[in-house]
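Student: My questions will all concern the structure given below.
The values are calculated or read from the model by the stated rules, or taken from the named source; none is laboratory data. Just so it is clear, the model here is predicted, and its values are computed rather than measured. Cβ coordinates were reconstructed from backbone atoms using ideal geometry, including for glycine residues, and neighbour counts include every protein chain displayed.
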Amino acid sequence: MKINAGIDFDMKSLMDGIEGDLAEAASRAMRDTTYKALLELREQVTGAGMGQRLANTWRDRVFPEKRRSMTPSGYIWSNAPDIIDAFSRGAQIVPLAGRRFLAIPTKNVPSARGRRGSSSKMTPAQVENAFNQDLFFKRGRAGRVLAFINAVGARNGRGFRIATKGRRAQGRDPKPVLMFVMVPSVRLPRVLDLDVVAQRWAANFEARFTEQLGMK
């Protein structure tokens with residue numbers, strides 16, 4: 001007696017289906033892992049007190065973008081790489097172009113004109129132009145130099161104004177206002193740890209992949 005046994009199915013279709021499921025799971029896991037790593041990097045920035053605006057410079061992308069892949073890759077970058085790099089290394093900032101000092105603005109320096117809501121401060125040259133006078137200097141501690149202008153306080157208590165004749169006539173006498181602290185260099189604190197985030201979420205990818213396959 002002869003018995004013939006066979007399996008009646010399309011092996012290629014089966015393998016294509018399995019590969020498709022694996023590619024879908026890998027792509028979903030990579031998108032999830034990359035996005036959560038992005039969120040942690042943003043939280044590092046805000047947690048260090050550097051604001052949401054800088055945090056939002058972190059962006060992410062998963063490749064390939066428009067199809068599934070067995071070997072997807074996640075890419076995260078910052079649109080402010082120099083700032084992020086400086087605070088991740090604890091960089092030392094020194095003057096350029098032969099200058100002796102860095103000008104650190106105080107709270108008295110007005111915001112520079114530009115985009116609405118900008119938090120950037122005027123430069124020393126802009127302050128001199130805005131108040132129509134030169135900065136004058138006094139020696140501070142530890143090799144620092146203090147830069148002042150003469151101005152009157154604003155009536156609303158917010159900032160300072162040029163000491164015009166009209167304001168002087170109102171009894172608003174000008175006084176020295178500290179605008180900048182001039183320092184030879186600045187050592188930034190190391191407050192960001194990019195490597196620990198990358199390593200944690202790279203290691204977490206396998207768990208996310210397993211979850212996507214429903215193999216928990």
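Student: Mind listing whichever residues of segment 50-66 are of a type in the set (Lys, Arg), outside any loop (DSSP other than H, G, I, E, B) and at pLDDT below 95?
Tutor: ARG53, ARG61
Student: So, ASN204, is that one surrounded by fewer than 16 Cβ atoms within 10 Å (Cβ to Cβ), of a type outside the set (D, E, K, R) and assigned to a helix (DSSP H, G or I) or not?
Tutor: Considered against the rule, which asks whether it is surrounded by fewer than 16 Cβ atoms within 10 Å (Cβ to Cβ), of a type outside the set (D, E, K, R) and assigned to a helix (DSSP H, G or I), ASN204 comes out as yes.
Student: Condition first: assigned to a strand (DSSP E or B) and either more than 30 Å from ALA25 (Cβ to Cβ) or not polar (S, T, N, Q) (or both). Now tell me which residues in segment 67-98 satisfy that.
Tutor: Hits for segment 67-98 are GLY74, TYR75, ILE76, TRP77, GLN92, ILE93.
Student: If you go through segment 182-199, how many residues are part of a helix (DSSP H, G or I) and either in contact with an Asp or Glu (Cβ under 8 Å, 6 or more places away or on another chain) or touching a residue at least 40 places away in the same chain (Cβ under 8 Å) (or both)?
Tutor: Adding up the residues that qualify gives 3.
Student: Among the listed residues SER111, SER120, which satisfies the condition of being under 25 Å from ARG59 (Cβ atoms) and outside the structural domain of TYR75 (by TED's automatic domain parsing)?
Tutor: Checking each option against the conditions leaves just SER120.
Student: Within segment 99-119, how many residues turn out to be modelled with pLDDT under 90, surrounded by 12 or more Cβ atoms within 10 Å (Cβ to Cβ) and farther than 17 Å from ARG144 by Cα?
Tutor: Count: 2.
Student: List the number of the failed condition for THR46; all other conditions in (1) out of contact with any strand residue (DSSP E or B) (no Cβ under 7 Å at 6 or more places or on another chain); (2) modelled with pLDDT under 85 hold.
Tutor: In the conditions (1) out of contact with any strand residue (DSSP E or B) (no Cβ under 7 Å at 6 or more places or on another chain); (2) modelled with pLDDT under 85, THR46 misses (2) alone.
Student: What tally of residues in segment 68-98 results from selecting those that are more than 21 Å from the chain's Cα centre (by Cα) and either surrounded by 16 or more Cβ atoms within 10 Å (Cβ to Cβ) or in contact (Cβ under 8 Å) with a residue 40 or more places away in the chain (or both)?
Tutor: 7
Student: Given (1) over 18 Å from GLN199 (Cα atoms); (2) touching a residue at least 24 places away in the same chain (Cβ under 8 Å), where does PHE63 come up short, assuming only one miss?
Tutor: Evaluating PHE63 over (1) over 18 Å from GLN199 (Cα atoms); (2) touching a residue at least 24 places away in the same chain (Cβ under 8 Å) leaves (2) as the failure.
Student: A further question on this structure: Being in the same structural domain as ARG31 (by TED's automatic domain parsing) and not small (Gly, Ala, Ser) narrows it down to one of PHE205, PHE180, so name that one.
Tutor: PHE205
Student: What are the residues in segment 66-92 that are touching a Pro at 6+ places or on another chain (Cβ under 9 Å) and closer than 21 Å to LEU192 by Cα, if any?
Tutor: PHE87, GLY90
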